[in-house]
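Notes follow once the structure below has been shown.
Quick note: the coordinates plus some simple rules give every number you see, no bench work behind them. Just so you know, these numbers come straight off a predicted model, no measurement behind them. Cβ atoms come from the backbone with ideal geometry, glycine included; neighbour counts cover every protein chain shown.
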Amino acid sequence: MVLKARENSVGAWIFLLGVVIAVLIGVVTTFFIPWSRLVQFSSPLYGLLVVLGLIVGFKINVSGKDSQTFLLTGAILVIVSRFGMESVTGSLIGIGIGDAVASTFSALLTLFVPATIVVAIKTVFSITRV
């Protein structure tokens, strides 16, 4: 019988929820919501992603090598999402999905950046403890 650690359970579920919401935002805002409604709902939706990212950063328990892994992967996700957002818009615009992919990357950035910043600050504070 394998025992699972439950200390990261809440953070992991909230992170998964945030990723699902980010993907839904990317697809729904491009294909199903008209521009006038999009302007009305974009602030609360992205605000929700920022709050979820902050909760993930505070709830996830990373220490030592785990914090380095999280920060490295978080930085890679942020960089790749930003560059992917720019390159996909130009290359897939003729197909019609470039805006959806760029919007999804933007929503994922909104989730990843606060979580990565909070974990980075927590790591700095844990390093400076004497």
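Structure above, values below:
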quantity	calculated
Rounded to the nearest 20 debye, dipole of the range 9-128 from Cβ charges on Lys, Arg, Asp, Glu	220 debye
Projected label distance in nm at Phe32 and Val10, using a 7 Å step from Cα toward the beta-carbon	3.0 nm
